[in-house]
Amino acid sequence: MGRRVVVRVGILVGLLLAGCTSPEQVSLGQVREFADASARLGGYAELSRRYRDTYERELPYLSPQAERLARETDARRRAVFDDFVAIQKTLVLYMQTLSLLAGDGRYDLSERIDDLGSGLNAMADSGLKKQHVAAYAGLSGLLTRAIASRYQNRSVDTMVRDGNADVQALIDAMIILTSIYEKANENEQKTVLGLFNAEIPMSNRNADRMLLTLAKVHLQNKTAEYKLIDRRYKLAQQGLTKVALGHQKMRENMSQLSSDETRRMLAGYVRDLNKIRDALSAE
């Protein structure tokens, strides 16, 4: 009789524990989905490369005087490019690590430690400020500790709480840099399209008909290209803003991850991020 009581108590305890842990597992699933969607967002790396390669695209359309200035600007862009990309790599690695912490399996990201750079430079004209450099160092340190120790207690809570301020600062840096990229693209657009808009009306001789036709086709293609890129800047900035808001809300609700409201909120951010990623991929 006593053995039956023990068995029943054991079953009840098991059911009780299952009931307590199941919602948390679901909520961690939402954390994992948000981290995965954030890591896969895309857009920023491509726009960084486009910013770096501005001079190569502009060169055929530049006057000799403008070319000298553009060459100097090109050197400055290339000097800061690695720092700009390092910010994204660190943020992606953070999200990948967070996703694995929220998962069920064991993980080993020790090989990814090499992806963490030695540090950033707060150059006066780069757009990066001291707080961005400090945030990069802080998040890199957190990731190094998390990867080296493998966070055996699987502390998603610790990761999010300790990393949130630096995550917010790095996303702020990426949004600022994306705005700088957009401004550079706007200047490039004025240079390239301005040349065609000035020269085409003056080329109306019959002997220039074939050349004029080719110029008009080229103008149409470049106009379509810039229109597409303009939209990509907007999408990238929207995506980064969603990541920042989602991570902040997750940080504020770490004590109630299992609530229906929190799960719906995180699911909404995941849905929005996936839509933005799909829009970036489709263009």
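FYI, it's all coordinate maths here, none of it is from the lab. The shown structure was predicted, so the numbers you read here are calculated from the model rather than taken from an experiment. Every residue, glycine as well, gets a Cβ built from its backbone with ideal geometry; the counts of neighbours run over all protein chains shown.
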Original post:
Rounded to the nearest 0.05, what FRET efficiency is calculated for residue 82 and residue 183 with R0 set to 22 Å and r the Cβ-Cβ distance?
Top reply: 0.60
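Kindly flag which residue pairs out of 227/275; 183/249; 89/227 have an alpha-carbon separation exceeding 25 Å in this structure. Show your work: numbers first, answer last.
Numbers: 227/275 20 Å; 183/249 31 Å; 89/227 27 Å.
From 227/275; 183/249; 89/227, over 25 Å: 183/249; 89/227.
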Original post:
Given a Förster distance of 51 angstrom, what is the FRET efficiency for residue 271 paired with residue 211, based on the Cβ-Cβ distance and rounded to 0.05?
Top reply: 0.50
**OP:** Based solely on C-alpha atoms, express the radius of gyration and the Dmax of the stretch 136-246 in angstrom.
**Re:** 23.7, 78
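Determine the dipole magnitude for the stretch 149-283: charges of +1 sit on the beta-carbon of Lys and Arg, -1 on that of Asp and Glu, nothing else is charged, the reference point is the Cα centre, and the result goes in debye to the nearest 20. Display every interim value, and only then the final one.
Numbers: 21 positive and 17 negative charges, 66 e Å.
Dipole about the Cα centre, nearest 20: 320 debye.
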Original post:
In the calculated pair distance distribution of the stretch 230-283, what percentage of Cα-Cα distances lie above 12 Å?
Top reply: 65 percent
Subject >> Approximate spin-label separation residue 197-residue 40, in nm, with each point projected 7 Å along Cα-to-Cβ >> reply: 4.0 nm
